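Scroll down for the structure; my scribbles are underneath it.
The values are calculated or read from the model by the stated rules, or taken from the named source; none is laboratory data. Every value quoted in this text rests on a predicted model; they were computed, and no experiment measured them. Cβ sites come from the backbone with ideal geometry, for glycine too, and all protein chains shown count toward neighbours.
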Amino acid sequence: MKFEGKAWVFGDGISTDHITPGRYFHLRSNLEELAKHVLEDAREDFAKKVRPGDIVVGGRNFGQGSSREHAPTVIKLAGVQAVVAKSFARIFFRNCINIGLPVIMCDTSDIQEGDTLSIDLRKGILEDKTQGIKLMFPPLPDVMTRILKDGGLVDHVRKHGGFNLKG
């Protein structure tokens, strides 16, 4: 799984409230409309300027706060193809995998706004093509890569059937 896109750089502590502002609570059953306000409290113009294939780059503890699944969902609906950060809130990380949005943990300190990033999930390499630097990250476990490839957990279960709980 390889992809390339333009970097949108955010800082540390981007919460699910930054991603899906509480004042749009009434839109939680209309995710396409909610996606028009994604990350609005972190950067007012993001939702209007983000393009399909772009990549969100965060600092530490990206996705902290509540465990609402619609936070990563609206990021994906806005066209973002991956989120890269120094670290993630655990439930946000897993929600991303479950909805089919790749998440990569690596040192994002040198990535600049607008840089072109190339990501190889299987090899664990993020290349900043603008700056000519390569960053290594731990490849995702095979089960997570398969879930992402299938489009998320629901599609993965539909494709492969239920889980065998007996071992």
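With V50, V38, V9, V83 as the choices, which residue is at pLDDT 95 or above, over 20 Å from Q112 (Cα atoms) and not hydroxyl-bearing (S, T, Y)? Lay out the reasoning, then the answer.
Values: V50 fails: over 20 Å from Q112 (Cα atoms); V9 fails: over 20 Å from Q112 (Cα atoms); V83 fails: over 20 Å from Q112 (Cα atoms).
Every option except V38 fails the conditions.
For V83, the criteria (1) under 13 Å from the mean Cα position of the chain (by Cα); (2) assigned to a helix (DSSP H, G or I) hold in every case but one, which is (2).
Test of understanding: among R60, R43, R122, R51, which residue is of a type in the set (D, E, K, R), touching a residue at least 40 places away in the same chain (Cβ under 8 Å), part of a loop (DSSP other than H, G, I, E, B) and closer than 18 Å to S15 by Cα?
Details: R43 fails: touching a residue at least 40 places away in the same chain (Cβ under 8 Å); R122 fails: closer than 18 Å to S15 by Cα; R51 fails: closer than 18 Å to S15 by Cα.
Of the residues listed, the single one that is of a type in the set (D, E, K, R), touching a residue at least 40 places away in the same chain (Cβ under 8 Å), part of a loop (DSSP other than H, G, I, E, B) and closer than 18 Å to S15 by Cα is R60.
Table: residues versus (1) surrounded by fewer than 19 Cβ atoms within 10 Å (Cβ to Cβ); (2) at pLDDT below 95.
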site: S66; (1), (2): yes, yes
site: F88; (1), (2): no, no
site: C96; (1), (2): no, no
site: L121; (1), (2): no, yes
site: I125; (1), (2): yes, no
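Can you go through L148, L101 and tell me which one is in a helix (DSSP H, G or I) and surrounded by 19 or more Cβ atoms within 10 Å (Cβ to Cβ)?
Details: L101 fails: in a helix (DSSP H, G or I).
Of the residues listed, the single one that is in a helix (DSSP H, G or I) and surrounded by 19 or more Cβ atoms within 10 Å (Cβ to Cβ) is L148.
Residues in the range 39-64 that are more than 18 Å from I91 (Cα to Cα), surrounded by 18 or more Cβ atoms within 10 Å (Cβ to Cβ) and in contact with a Lys or Arg (Cβ under 8 Å, 6 or more places away or on another chain): D54, I55. Only one of the numbered conditions (1) part of a loop (DSSP other than H, G, I, E, B); (2) touching a Gly at 6+ places or on another chain (Cβ under 9 Å); (3) more than 23 Å from D120 (Cβ to Cβ); (4) in contact (Cβ under 8 Å) with a residue 40 or more places away in the chain is not met by S66, and that is (2).
I'd like to verify a number: residues in the range 80-139 that are of a type in the set (S, T, N, Q) and more than 20 Å from V50 (Cα to Cα), how many?
Pass one, the range 80-139, residues of a type in the set (S, T, N, Q): 81, 87, 95, 98, 108-109, 112, 116, 118, 130-131.
Among the residues that remain, those that are also more than 20 Å from V50 (Cα to Cα) are: 87, 95, 98, 109, 131.
The number of residues fulfilling the criteria is 5.
Residues satisfying the criterion are absent from the range 33-55 (criterion: of a type in the set (V, I, T), out of contact with any helix residue (DSSP H, G or I) (no Cβ under 9 Å at 6 or more places or on another chain) and farther than 21 Å from G151 by Cβ). Considering (1) within 19 Å of F3 (Cβ to Cβ); (2) without any contact (Cβ under 8 Å) to a residue 40 or more places away in the chain, the lone condition that T116 does not fulfil carries the number (2).
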